[in-house]
Amino acid sequence: MDTLRSRRINTALGIVAIVLWSSTMALARSLSEALGPLTAGTIVYTAGGVLGCLYLAARGRLVAAFRLPRAYLVGSGLLFVAYIVCMYLAVGLAVSRQQTIEVGILNYLWPALTLVFAIPILHARVRAAFWPGVVLGLAGAALAPLRLEEYSLDALAANLRAHPVPYLLALAAAILWGLYSNVSRRWAGQARGGAVPVFVLVTGLVLAALRWAFPEESVWTARAMAELAFLAVFPTLLAYAMWDAAVRRGNLTLVASVSYLAPLLSTAISAVYLDVAVGWNLWAACGLVVAGALVCSRSVVRCRPRQAAAYPR
């Protein structure tokens, strides 16, 4: 019973993380416009990492974090850092707030990719309906940011040719996070504790090095300070720690499937916060992502790593 209760709690933490992450795109774009993406990312992740490591130290868990499986610390850590760098650069390099929403939706391909990568990495078994579910989820993610009354396929293709870097970075981020979610479970699934605060701090240091190499001009305001504080604590530190617990000790299939709803919530928050008009297609996207989540969650038969490969040293 205790194991079942723990599994449910960790699954719930993963769902809360999805809600917190849904606010990231809007605030990251607003903050990047004021401070620059590298400056914003440096402060957010360095502050979040320091707070997280202090918390682990106060609980006597910081040393234990470095005793986790080496493959998890190195492999998952590299994927984590690379994901954040790609995502912040994608948001910061977007040429408009409209493209920021499009980049955000592309990034949210990671829920589908998490389940797809679970097949070779965690040896998941799926029913035939799984793949139509993935297609439904991807269709919803692609539809949500497009204002159909204003855009044609030719205009979209021209936009991709003119400004490809943000889209490529967002796609890379989606792939990296899908891989991270699976290999973390494979390499440290049942290990106690986690190293997410350490990963967050290392990310901040990497962004600081990039900030030193590519200086930015920053304009400090009260709004920027408030956005920094929120991003450093909630989506950055708490959400990643919650997600790490969910993918290692919760119901990965359920959490990844529920995360199909994140593109809709993120798009809605971004539209309001960034004052970007979103058309009727948002409701159509809602139906597609919900349908995709339900189909996928009911189509995965088994999702667990082989015991012999669970904790490589």
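The values are calculated or read from the model by the stated rules, or taken from the named source; none is laboratory data. Worth saying up front: this structure is predicted, and the values here are computed from it rather than measured. Quick reminder, even Gly has a Cβ in these numbers, built from the backbone with ideal geometry, and neighbours come from all protein chains shown.
Values as computed for the structure displayed
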{"read-out": "Residue ID - surrounded by the most Cβ atoms within 10 Å (Cβ to Cβ), chosen from residues in the range 296-313 that are part of a helix (DSSP H, G or I) and either at pLDDT below 65 or among the basic types (Lys, Arg) (or both)", "value": "309"}
{"read-out": "Selection within the range 192-207 - modelled with pLDDT under 95 and surrounded by fewer than 18 Cβ atoms within 10 Å (Cβ to Cβ)", "value": "192, 193"}
{"read-out": "Residue, farthest from the chain's Cα centre (by Cα), within the range 46-60, restricted to residues that are touching a residue at least 24 places away in the same chain (Cβ under 8 Å) and surrounded by fewer than 17 Cβ atoms within 10 Å (Cβ to Cβ)", "value": "55"}
{"read-out": "Set 50, 85, 74: member being part of a helix (DSSP H, G or I) and closer than 18 Å to residue 216 by Cβ", "value": "85"}
{"read-out": "Some residue of the range 48-59 being closer than 29 Å to residue 272 by Cβ and touching a Ser or Thr at 6+ places or on another chain (Cβ under 9 Å)", "value": "yes"}
{"read-out": "One residue from 29, 5 being assigned to a helix (DSSP H, G or I), out of contact with any strand residue (DSSP E or B) (no Cβ under 6 Å at 6 or more places or on another chain) and without any contact (Cβ under 8 Å) to a residue 60 or more places away in the chain", "value": "5"}
{"read-out": "Criterion (farther than 16 Å from residue 201 by Cα and in contact (Cβ under 8 Å) with a residue 60 or more places away in the chain) met by exactly one of 130, 80, 66", "value": "130"}
{"read-out": "Selection count where residues are outside any helix (DSSP H, G or I) and either in contact with a His (Cβ under 7 Å, 6 or more places away or on another chain) or at pLDDT 75 or above (or both), scope the range 275-295", "value": "3"}
{"read-out": "Subset of the range 78-116 that is of a type in the set (Gly, Ala, Ser) and buried (at least 19 other Cβ atoms within 10 Å of the Cβ) - its residue that is farthest from residue 36 (Cα to Cα)", "value": "112"}
